Amino acid sequence: MASKLWRRLLPALALAALPLAGMAQDKWPARPVRFVVAFAPAGPADIIARLLAQPLGQSVVVENKPGAGGSVASALVARAEPDGYTLLINTSSYAVNPSMQRQLGFDPKGDLTLAALVAASPNLIVTAPNLKARTLQEVVADAKGGSYNYGTAGAGTTPHLTAEYLFKVLAKVPVTHVPYQGAAPALNAAMSGQTQLASVALPAAVELVKSGRVHGLVVTGAQRSPALPEVPTVAESGFPGFEDVTWVGVFGPARTPPAVLQRINDEVTRLQKDPEFLARLAATGFEPMGGNLEAVRGYLDRELDKWARVVRETGALPN
């Protein structure tokens with residue numbers, strides 16, 4: 001079970017970290033492990049952090065540090081002691097921010113290292129419940145008047161650039177971006193009618209769509225999501241070939257002992273095969289990712305290149 005796997009993680013990490021981090025007098029973990037989450041509660045990073053932390057009970061403290069599209073939390077963890085006690089839970093915004101922000105406050109290639117890719121989900125565009133337009137084609141036609149705005153979890157998140165590319169590059173309609181500090185505030189704005197649309201990672205909105213508090217417009221995956229099978233894909237809605245996802249990963253400070261990073265990667269990989277954990281992922285619209293340390297770091301390098309191109313194509317302005 002997931003709890004057994006994660007109970008094995010802590011003592012194994014302790015054995016790896018003690019000789020490498022100079023902690024001979026410290027029985028690791030001598031204090032709770034800290035998950036610093038890059039976005040507000042109820043967003044994809046927060047959901048994954050709590051799914052990972054839950055089996056550990058009191059051994060993990062989940063701390064939300066939203067701001068600057070995830071860069072506030074990234075900079076904080078980059079400065080933390082590389083001892084395995086402070087880990088970053090961030091999304092694919094980590095790969096976007098270097099192209100969107102002039103001053104990150106950290107070096108994305110030199111100050112942090114990706115230890116594991118946990119899960120990914122398509123992005124989801126929702127509409128306010130009172131909006132008359134109910135399909136993507138209706139929204140595009142209505143938005144030509146220039147009165148539409150949409151909320152996201154922040155500038156530089158992949159849902160932000162997904163919406164920019166879809167509406168401004170492909171559909172060529174003038175929509176206005178309204179950044180928030182998390183998916184939950186963006187969804188609240190759509191629910192209350194402050195914005196016509198919200199673009200978020202799917203897990204943040206599954207229950208809101210099911211309850212009718214927002215209307216699911218399109219998902220950005222190649223296929224419909226089993227979590228929301230009634231919501232069509234962007235490709236089905238008039239823009240064939242469109243596909244995009246938000247991923248969530250675990251990062252440590254760059255000088256975290258390699259053995260600790262390897263153990264995190266190994267245990268996340270094992271957890272991704274646990275039926276209980278997989279069921280929890282599926283219920284929220286996530287699918288497991290994976291890969292060894294070399295593979296996940298190669299993936300991150302490709303993501304950095306990909307989103308740099310998207311930023312150029314959309315003309316999204318750096319902060």
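Points to keep in mind about this one:
- Charged neighbours of residue 253, selected by a Cβ distance under 11 Å, balance to -1 (K, R count +1; D, E count -1).
- Expected-Rg normalisation [2.2 N^0.38 Å, Cα atoms] applied to the range 48-155: 1.40
- Candidates 211, 121, 225, ranked by Gaussian network fluctuation over the chain, Cα under 10 Å, top entry: 211
- Accessible-area composition of the chain, carbon plus sulfur, in percent [1.4 Å probe]: 53 percent
- Charge tally in the Cβ shell below 10 Å around residue 78, where Lys, Arg are +1 and Asp, Glu are -1, residue 78 excluded: -1
- Mean ellipticity per residue at 222 nm, deg cm²/dmol - from DSSP H runs of n ≥ 4 across the chain, formula -39500 (n - 2.57): -11000 deg cm²/dmol
- The P(r) of the chain has a tail past 26 Å containing 44 percent of all C-alpha pairs.
- Projecting the Cα atoms of 117, 85, 272 onto the dipole axis of the chain, where Lys and Arg carry +1 and Asp and Glu carry -1 at the beta carbon, places 85 farthest toward the positive end.
- Cβ-defined net charge surrounding residue 166, 14 Å radius [Lys, Arg +1; Asp, Glu -1]: -3
- Alpha-carbon centroids, the range 187-260 and the range 136-171: separation in whole Å: 14 Å
- For the chain, a Gaussian network of Cα nodes joined below 10 Å ranks 220, 135, 152 by mean-square fluctuation, and the top entry is 135.
- DSSP-defined beta bridges in the chain - what % are antiparallel, rounded to 5: 60 percent
- Take the chain with all the other protein chains still there, run a 1.4 Å probe, and you get 41 Å² of accessible area per residue.
- Checking the cross-link pairs 65/132; 132/306; 132/273; 65/306 against a 31 Å limit on the alpha carbon distance flags 65/132; 132/306; 132/273 as lying beyond it.
- Computed over the chain with a Gaussian network model linking Cα atoms closer than 10 Å, the most mobile of 200, 118, 169 is 169.
- Estimated from the Cβ-Cβ distance and a Förster radius of 30 angstrom, the FRET efficiency linking residue 61 and residue 313 is about 0.15.
- Stokes-Einstein D (µm²/s) once Rh is taken as the Kirkwood radius of the range 162-319 over alpha-carbon pairs, at 4 °C in 1.567 mPa s: 72 µm²/s
- Length gained when the stretch residue 81-residue 107 is fully extended (0.36 nm per residue, less Cα-Cα span): 7.8 nm
- For the chain, the longest site-free run once trypsin sites (Lys or Arg not before Pro) in DSSP loop states with at most 14 other Cβ atoms within 10 Å are removed: 173-254
The values are calculated or read from the model by the stated rules, or taken from the named source; none is laboratory data. All of these numbers come straight from a predicted model, not from anything done at the bench. Cβ sites come from the backbone with ideal geometry, for glycine too, and all protein chains shown count toward neighbours. Heads up: the accessible areas ignore ligands, DNA and RNA and are worked out on the full protein's heavy atoms, side chains in. Shrake-Rupley method; radii C 1.70, N 1.55, O 1.52, S 1.80 Å.
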